[in-house]
1. How about segment 151-188: which of its residues are modelled with pLDDT under 90 and not in a helix (DSSP H, G or I)?
2. Quick one: count up the residues across segment 161-185 that are over 16 Å from residue 149 (Cβ atoms) and buried (at least 16 other Cβ atoms within 10 Å of the Cβ).
3. I need every pair where a residue in segment 52-66 that is over 17 Å from residue 30 (Cα atoms) and in the same structural domain as residue 31 (by TED's automatic domain parsing) has its Cβ under 6 Å from the Cβ of a residue that is at pLDDT below 95 and not in a helix (DSSP H, G or I), sequence separation at least 6 or different chains.
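The values are calculated or read from the model by the stated rules, or taken from the named source; none is laboratory data. None of these values were measured; they are calculated from a predicted model. Using ideal geometry, Cβ is built from the backbone for each residue, glycine included, and neighbour counts are taken over all protein chains shown.
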């Protein structure tokens, strides 16, 4: 993950089988857009943008590629492409449209969490907290949501609240298993490192991870 929080992170899904063919293509092109932005390749980003525009047009024409809730899915996918291209303000506005039609906890988690994450990257941490709390209510054990919330609290100066989020994660031992979201965040997301010296619960998670990895190597 890119340690510059103004940049978008890669796009993933917890279950690729949920994606329609167009959604899978959008995810792939969005990740190419993130890579192009990371290396500063504006020409490639322009070409990728054209492909994403075509995919979004096709997605709209097929009413969400057969999605059960196209009123949510269409703005959600459009916001995804805008975020990948670095258009975060537009992405927030469009995702807020999607959020109005989020009719399940999973869709609320996705839209509210996306809005919170993008607001954090825009430097609007106080606003991000409001959306994080909505996402957390919909998905109280979602590691990506909790990571966004901890960052929003930290950036807004609410270090005690940020620490509480990591303390809650520390009570879920199974989340440190290899391949889990928390394991991946702690191993690969360098943007957490600036928080660790100030948050004992995050520091404790890093220590638990180191102990877990040491024990695994000794087996």
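1. 171, 172, 177, 178, 179, 180
2. 2
3. 65/20
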